[in-house]
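Structure first, commentary second.
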Amino acid sequence: MAVKIKKGDRVAVIAGKDLGAEGQVLQVIPAKRRVLVEGINQVTRHEKIRMGRRGNQEGGISHREAAIDISNVALVCPNDGPSRVGFRIEEATGAKVRVCKKCGTEL
């Protein structure tokens, strides 16, 4: 099955604790069907204090994004907002392009 969401796309969360939030895709993990979205699904990580290479100490509490299931996000169309994605074959070049199911514009 083709992954319809790619790195750099703008997506909206359609299910889960961050419902309605939008962000940019940082990474796609197709084998696990998960995506990392900027600012979405923030988790707290407690890191041990240890000496760095230059003698500075690193550690404390940090916040980072965790992966979210690809079915819980929808690609955002510039015209319609969150919508489903389809494919169309360009007649001139034969290239496969993603299109919005609502309005038919290329994404």
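Please treat every number below as a calculation from the coordinates, not as lab data. This structure is a prediction, so every number in the text was calculated from the model and none was measured. Here Cβ is always computed from backbone atoms with ideal geometry, including for glycine, and neighbour counts include all displayed protein chains.
Of everything in the stretch 15-49, what is out of contact with any helix residue (DSSP H, G or I) (no Cβ under 6 Å at 6 or more places or on another chain) and not in a strand (DSSP E or B)? Give them in sequence order. Those that are out of contact with any helix residue (DSSP H, G or I) (no Cβ under 6 Å at 6 or more places or on another chain) and not in a strand (DSSP E or B): LYS17, ASP18, LEU19, GLY20, ALA21, PRO30, ALA31, LYS32, GLU38, GLY39, ILE40, ASN41.
Just to be sure, is SER62 outside any strand (DSSP E or B) and not acidic (Asp, Glu)? It is false that SER62 is outside any strand (DSSP E or B) and not acidic (Asp, Glu).
Scanning the stretch 62-107 for residues that are touching a residue at least 40 places away in the same chain (Cβ under 8 Å) and β-branched (Val, Ile, Thr), which turns out surrounded by the most Cβ atoms within 10 Å (Cβ to Cβ)? The residue in question is VAL73.
If you check VAL3, VAL11 for being touching a residue at least 40 places away in the same chain (Cβ under 8 Å) and either loosely packed, with under 11 Cβ neighbours inside 10 Å or part of a strand (DSSP E or B) (or both), only one passes: VAL11. Does ILE29 count as in contact with a Pro (Cβ under 9 Å, 6 or more places away or on another chain), surrounded by 12 or more Cβ atoms within 10 Å (Cβ to Cβ) and closer than 19 Å to VAL3 by Cα? Taking the combined requirement at face value, the residue does not satisfy it.
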